[in-house]
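**Q** Have a look at this one.
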Protein chains: 2
Amino acid sequence: MSLIVQKFGGSSVADAESIKRVAKRIVDTRKAGNDVVVAVSAMGDTTDDLLDLAAAVAPIQAPRELDMLLSAGERISMALLALAIKSMGYEARSYTGSQAGMITDAVHGAARIVDVTPVRLREALDDGAIVIVAGFQGFNRDTRDITTLGRGGSDTTAVALAAALQADVCEIYTDVDGVFTSDPRVVAKARKLDRITSEEMLELAGSGAKVLHIRAVEYARRHGVTLHVRSSFTPDEGTIVYDPARLPEGETVEESVITGVAVDLSEAKITIVGVPDVPGVAANVFTTVAKSGANVDMIVQNVSAAATGLTDISFTLPKSEGQAALSALQREQEAIRFQSLQYDDQIGKLSVVGAAMRSATGVSAKFFEALFAAGINIEMITTSEIRISVVTHADSVNDAARAVHAAFGLDGDTDAVVHAGTGR
Amino acid sequence: MSLIVQKFGGSSVADAESIKRVAKRIVDTRKAGNDVVVAVSAMGDTTDDLLDLAAAVAPIQAPRELDMLLSAGERISMALLALAIKSMGYEARSYTGSQAGMITDAVHGAARIVDVTPVRLREALDDGAIVIVAGFQGFNRDTRDITTLGRGGSDTTAVALAAALQADVCEIYTDVDGVFTSDPRVVAKARKLDRITSEEMLELAGSGAKVLHIRAVEYARRHGVTLHVRSSFTPDEGTIVYDPARLPEGETVEESVITGVAVDLSEAKITIVGVPDVPGVAANVFTTVAKSGANVDMIVQNVSAAATGLTDISFTLPKSEGQAALSALQREQEAIRFQSLQYDDQIGKLSVVGAAMRSATGVSAKFFEALFAAGINIEMITTSEIRISVVTHADSVNDAARAVHAAFGLDGDTDAVVHAGTGR
């Protein structure tokens, strides 16, 4: 008998009909002889509706109370799901984050899981019950207050439960068929991947792929949890996210050089023009930016002009954090001694990811040739062991993605099907 | 400094504007130098909406999960109320039933409070915070599950908190101005009472007055909690529900003979025709009825006819329980040996209540004279120490109420104002 953890997002439980469909899916898994633990998000737009209400009653949002409010959303969906399953004749019990032993730090709105003590869940499983757990929420032991995990929270709940209960697999149900070689809305010929390593998934998630939240992938990788990303609308197999080091002895997976091509249009570029090329400048710049709350992604420093001893530093960051970073830098202009700032939010980031890049040769040559042939102008380049990323103008990044996808032989024979909707 | 417990029902927190108005009211109480603990119901129709969802996903309702579902409603309203208060610059903290130490038995859907351990509430009050508690819900220690208190639950939560925290008063905010001498929709000249004894309130609540739930009044009486029933729409004083035995030395309240006139159209009458007038028959009948789940109110047994040795037994019970009781009696016809059953759901019950009835003379004479003068036909009569109730035809009970209200000098000079809406 296997233990399977299943996560269903908000769009999978948006109304009574969807909840009944999900309940049937869960019962089918149970009927097949598995123990089942489910993490569920709030129904459809519940969280947004609650946030609207909060904004309507209070101009300033108190984090503890906001978490108390938002955690009600999952309490509703989990109870409804348990009711639906029980009326199908199967024992089901729902548990809040705190009842499930989801212990977090005390950072309201973005709490991190520090421990999972699923005593009551084990008891329920031993009683033969299907266990339903509220996603996205936890409990802090010191303050005894309810917390929420922030973006991607329900994915993380599912993975943490799978790790704590040593589940055989953690199935993430979503509105797409799995992980694709690229975003099908950009690259029509993108193909669903049968398998991807957790390392590659991590790079793709960090490069703009939205199917899984990076926190959940990190947690899964650290705790050796195998993920199965699949559609809640079809019974088809989705994509297995696995750790090659944990494959059974002798089993190998044939790898293509490039696993996926990701596009990210959410970033902006700041260029600090004319800073003295002396030690400590970069530290000064990025301390200032970090204090503004911004998360820097790519950094490029030009070779300095010998005549002036001045150089330029460019970096990318989420557009939403651009204004705060600019203001912070402006305030430190005298200390950093730069001449001017440039801000460009019309950029796109293109990344190719593949674990086989470590051993394969000629990957970057093929990559840049494809971009050149497509007439793409490159503004910045960074690389990791298994990833190459470039920044282009926003208008050309989708063309670039299609060109690279074709060049590495990733194109499928038919166009991918695109579903609508997102989960929490 | 006083400690005041305030209870706001669902209609008082139906939308963002109402929540802000309630928040202001709470803050005003705090500004006046009081410690404040608030029990709040779910917003407006939330509970009904959740019940509709439950019915849509599951034909059979599992009590534990239904309580988990319904308890989310108060979690939403309490968090919103705390957010609104905090944004007005006052510290507020919301607590679920279990966080507030509201310990109940394990009867889901109709749990009874067995203990209140408000440790966290005391800490919050010591910190100067306004405390917001989810009404209607509690926690069972053995099962570690969330329970709900059933009808009138939020009133009971407020009273239980007032008792446990030894509050000076428990204010029940509602959509009417207080307790009236009669239902203003029936008796236009009904007057708001400034004071009523808890004993009288209990009789009125048990006789069809809907302003306070009988469970909450009982709890208040048992624990010596003074209630103040008042409008959430006006700042005017409402009605104080007090225990005369606890009045300060020397203080007395002038009592009228009759405090209130109540009408109840929710009952039906069952008559068991032709039962042998021998010992044990009544026990047989009412054991059968009780097993059907029905709550019997009034009982009248006719004098038996000497010739036949047969008698009739009539009793009233809630209409909603009528069918089950009839079926149960039918099944026991042979054992009870009755001739036939009659069912009448076109009855009304009229009650007059007054603590001074104990010492005053001529009350029942004046009562029956008033009914006779108004041409009312009486079907059944019962009395308690401080109450007389009669059953009439449903069509004439409102006329009867107006006649009796006038006869006892309760009519006000002007017509009462009637508000719409109800709370939980």
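Please treat every number below as a calculation from the coordinates, not as lab data. Bear in mind that the values here come from a model prediction, so they are computed numbers and not experimental data. Quick reminder, even Gly has a Cβ in these numbers, built from the backbone with ideal geometry, and neighbours come from all protein chains shown.
**Q** Please list A:4-17, B:91-104, A:118-131 highest first by mean number of surrounding beta-carbon atoms within 10 Å per residue.
**A** B:91-104, A:4-17, A:118-131
**Q** Calculated from DSSP H runs of 4 or more alone, at -39500 (n - 2.57) each and per residue, what is the 222 nm mean residue ellipticity of the protein assembly as shown, nearest 500?
**A** -10000 deg cm²/dmol
**Q** A further question on this structure: Hey, how many Å between the Cα centroid of region A:205-243 and the Cα centroid of region B:183-222?
**A** Distance between centres, Cα-based: 60 Å.
**Q** For chain B, give the share of DSSP beta bridges that are antiparallel, in percent and rounded to the nearest 5; count only bridges with both residues there.
**A** Bridges in chain B that DSSP calls antiparallel: roughly 60 percent.
**Q** Would you mind counting up the charge near residue B:345? Only other residues with Cβ under 10 Å from its Cβ, with Lys and Arg at +1 and Asp and Glu at -1.
**A** So the surrounding residues net to 0.
**Q** Which percent, to the nearest 5, of DSSP beta bridges fully inside the protein assembly as shown are antiparallel?
**A** The answer is about 60 percent antiparallel.
**Q** Okay, next question. Return the sequence-ordered ³J(HN,Hα) values of region A:283-292 in whole Hz as given by the Karplus equation 6.51 cos²θ - 1.76 cosθ + 1.60 applied to θ = phi - 60°, using x for Gly and Pro.
**A** Rounded to whole hertz, the list is 4, 4, 4, 7, 5, 4, 5, 4, 5, 6.
**Q** Roughly how many debye, to the nearest 20, is the charge dipole of region A:136-186 about its Cα centre, given +1 on each Lys and Arg Cβ, -1 on each Asp and Glu Cβ, and no other charges?
**A** So the magnitude is around 240 debye.
**Q** Cα axis of helix A:63-87 to longest principal axis of chain A: angle in degrees, 0 to 90, nearest 10?
**A** So the helix axis and the longest Cα principal axis differ by about 40 degrees.
**Q** What would the Debye equation give as log₁₀ I(q)/I(0) for region B:1-74 at q = 0.19, 0.23 Å⁻¹, counting only Cα atoms as equal point scatterers?
**A** Results for region B:1-74 at q = 0.19, 0.23 Å⁻¹ read -0.80, -0.97.
**Q** Rounded to two decimal places and with Rh computed the Kirkwood way over Cα pairs, what is Rg over Rh for region A:3-252?
**A** 0.96
**Q** Tell me the label-point distance for the pair residue B:393, residue A:335, using the 7 Å Cα-to-Cβ offset, in nm and rounded to one decimal.
**A** The answer from the label model is 9.2 nm.
**Q** Moving on to the next point. To the nearest 20 Debye, how big is the dipole of chain B about its Cα centre, given +1 on the beta carbon of each Lys and Arg and -1 on that of each Asp and Glu?
**A** Around 640 debye, computed over chain B.
**Q** With no solvent and one point per C-alpha, what does the Debye sum give as log10 I(q)/I(0) for region A:125-174 at q = 0.19 Å⁻¹?
**A** Taking Cα atoms of region A:125-174 as identical point scatterers yields -0.75.
**Q** Rg (Å, one decimal) plus Dmax (Å, integer) for the alpha carbons of chain A?
**A** 23.4, 81
**Q** Taking only C-alpha pairs under 8 Å that are 6+ residues apart, what is the relative contact order of chain B in percent? It would help to have the intermediate numbers written out before the result.
**A** Working: 926 pairs, mean separation 65.9, N = 424.
Here the relative contact order equals 16 percent.
**Q** Right, here's the next one. If you build the Cα gyration tensor of region B:321-380 and take the root of 5 times each eigenvalue, what three semi-axes come out, in whole angstrom, biggest first?
**A** Numbers: eigenvalues 255, 43, 26 Å².
Largest first, region B:321-380 gives 36, 15, 11 Å.
**Q** Oh, and also: Calculate the length of the line joining the C-alpha centroid of region A:109-178 to that of region B:49-115, in whole Å.
**A** 21
**Q** Additional query: Which of rounded, prolate, oblate describes region A:77-168, given a ≥ b ≥ c as roots of the alpha-carbon gyration tensor eigenvalues and a/c under 1.5 marking rounded, otherwise prolate only if a/b is larger than b/c?
**A** prolate
**Q** Taking every residue in B:140-146, how many Cβ atoms of other protein chains lie within 10 Å of its Cβ, on average?
**A** Per residue, the number of nearby Cβ atoms from other chains is 2 on average.
**Q** Please name whichever of B:2, A:153, A:384 sits farthest to the positive end of the charge dipole of the protein assembly as shown, dipole taken about the Cα centre and charges placed at Cβ: Lys and Arg +1, Asp and Glu -1.
**A** Highest projection toward the positive end goes to B:2.
**Q** Across the Cα atoms of region A:235-367, what radius of gyration and what greatest pairwise Cα-Cα distance (Dmax) are found, in Å?
**A** Reported Rg and Dmax, both Å: 20.3, 66.
**Q** Would you mind telling me the antiparallel percentage of the DSSP bridges in region A:1-120, rounded to 5?
**A** If we restrict to bridges inside region A:1-120, about 35 percent are antiparallel.
**Q** Given 0.36 nm per residue, what is the gain on full extension from residue A:143 to residue A:28 after removing their alpha carbon distance, in nm?
**A** On the way: separation 115, 0.36 × 115 = 41.40 nm, distance 3.99 nm.
37.4 nm is the gain from fully extending residue A:143 to residue A:28.
**Q** Using a Cα-Cα cut-off of under 15 Å, which aspartates and glutamates could be cross-linked to residue B:210, ignoring same-chain neighbours fewer than 8 residues away?
**A** B:155, B:175, B:177, B:183, B:200, B:218, B:264, B:267
**Q** Now, a different point. Where a Cα-Cα gap under 26 Å defines reach, which lysines qualify for residue B:20, not counting those fewer than 8 residues away within the same chain?
**A** Residue B:20 reaches B:7, B:31, B:86.
**Q** Here's another thing I want to ask about it. Mind pulling the per residue volume of the convex hull built on the Cα atoms of region A:347-405? Å³ is fine. Kindly include the intermediate steps, with their values, before the conclusion.
**A** Working: hull volume 3.8 nm³, N = 59.
Residue-normalised Cα hull volume stands at 64 Å³.
**Q** Can you tell which of B:193, B:69, B:53 shows the greatest fluctuation in a Gaussian network model of chain B with Cα springs below 10 Å?
**A** Highest fluctuation among the options: B:53.
**Q** Within the set of other residues whose C-beta is less than 14 Å from the C-beta of residue B:228, count the net charge using Lys and Arg as +1 and Asp and Glu as -1.
**A** Local net charge: -3.
**Q** Using a cut-off of 14 Å between beta-carbons, work out the net charge of the residues near residue A:387 (Lys and Arg +1, Asp and Glu -1, residue A:387 not included). Please report the intermediate quantities before stating the final value.
**A** Working: positive: A:349, A:358; negative: A:199, A:200, A:203, A:264, A:297, A:385.
Summing Lys and Arg as +1 and Asp and Glu as -1 gives -4.
**Q** Additional query: Taking the Cα centre of the protein assembly as shown as origin and charging only Cβ (+1 Lys, Arg; -1 Asp, Glu), how large is the dipole, in debye to the nearest 20?
**A** Computed charge dipole of the protein assembly as shown: roughly 620 debye.
**Q** Still on this structure: Suppose we look only past 37 Å in the calculated P(r) of the protein assembly as shown. What percent of the Cα-Cα pairs does that tail hold? Numbers along the way, then the final one.
**A** Working: 206790 of 359128 pairs.
In whole percent, the share of Cα-Cα pairs in the protein assembly as shown beyond 37 Å is 58.
**Q** Report, in cubic angstrom per residue, the convex hull volume of the C-alpha atoms of region A:1-148. Kindly include the intermediate steps, with their values, before the conclusion.
**A** Details: hull volume 14.4 nm³, N = 148.
With only Cα atoms used, region A:1-148 gives 97 Å³ per residue.
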